[in-house]
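Note sheet for the following structure.
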Amino acid sequence: MKIRKPCLDLKIDFMQKGDLPTVMEIERQSFSFPWSESTFRRGVKRKNPHIYFFVVRHNQIPIGFINF
């Protein structure tokens, strides 16, 4: 019998302003001391070339994020 691995259609993209409600929900559920929404808003503007905010999307819905 051949077993097929599940395939997830994931896309990594820059975080957008419209992602913030979902990102903030993930942030609040993940951390005891979550970052403020204003911190994420500043990151979304991408004015600092050394700071990156990305989201992982499944079916166009953010399911995770990373910033560095």
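Miscellaneous remarks
- Computed from Cα atoms, the angle from the helix 20-30 axis to the main principal axis of the chain rounds to 80 degrees.
- Solvent exposure ordering (accessible area, 1.4 Å, most first) of 32, 38: 32, 38
- With each label modelled as a point 7 angstrom along the Cα→C-beta vector, the residue 22-residue 41 pair spans 2.1 nm.
- Sites matching trypsin sites (Lys or Arg not before Pro) across the chain that sit in DSSP coil, with at most 12 neighbouring C-beta atoms within 10 Å: 2, 4, 45, 46, 47
- For the chain, the fraction of C-alpha pairs more than 15 angstrom apart is 55%.
- Partner aspartates and glutamates for residue 45 [C-alpha distance under 16 Å; skip if fewer than 8 residues away on the same chain]: 13, 19, 37
- Residues of type lysines that residue 47 reaches as a straight line, Cα spacing below 28 Å, ignoring anything fewer than 8 places off in the same chain: 11, 17
- Accessible carbon and sulfur surface of the chain relative to its total accessible area, %, 1.4 Å: 58
- 13 Å reach of a label modelled at residue 30, 7 Å along Cα-to-Cβ, counting backbone N of region 41-56: 53-56
- Accessible surface, per residue, of region 14-68 when the full set of protein chains is kept, probe 1.4 Å, Å²: 72
The values are calculated or read from the model by the stated rules, or taken from the named source; none is laboratory data. Because the structure is a prediction, the values reported are computed rather than measured. Because the Cβ atoms are built from the backbone with ideal geometry, glycine has one as well, and the counts that use them run over all protein chains shown. Surface accessibility is based on the protein's heavy atoms, side chains included, excluding ligands, DNA and RNA. Shrake-Rupley method; radii C 1.70, N 1.55, O 1.52, S 1.80 Å.
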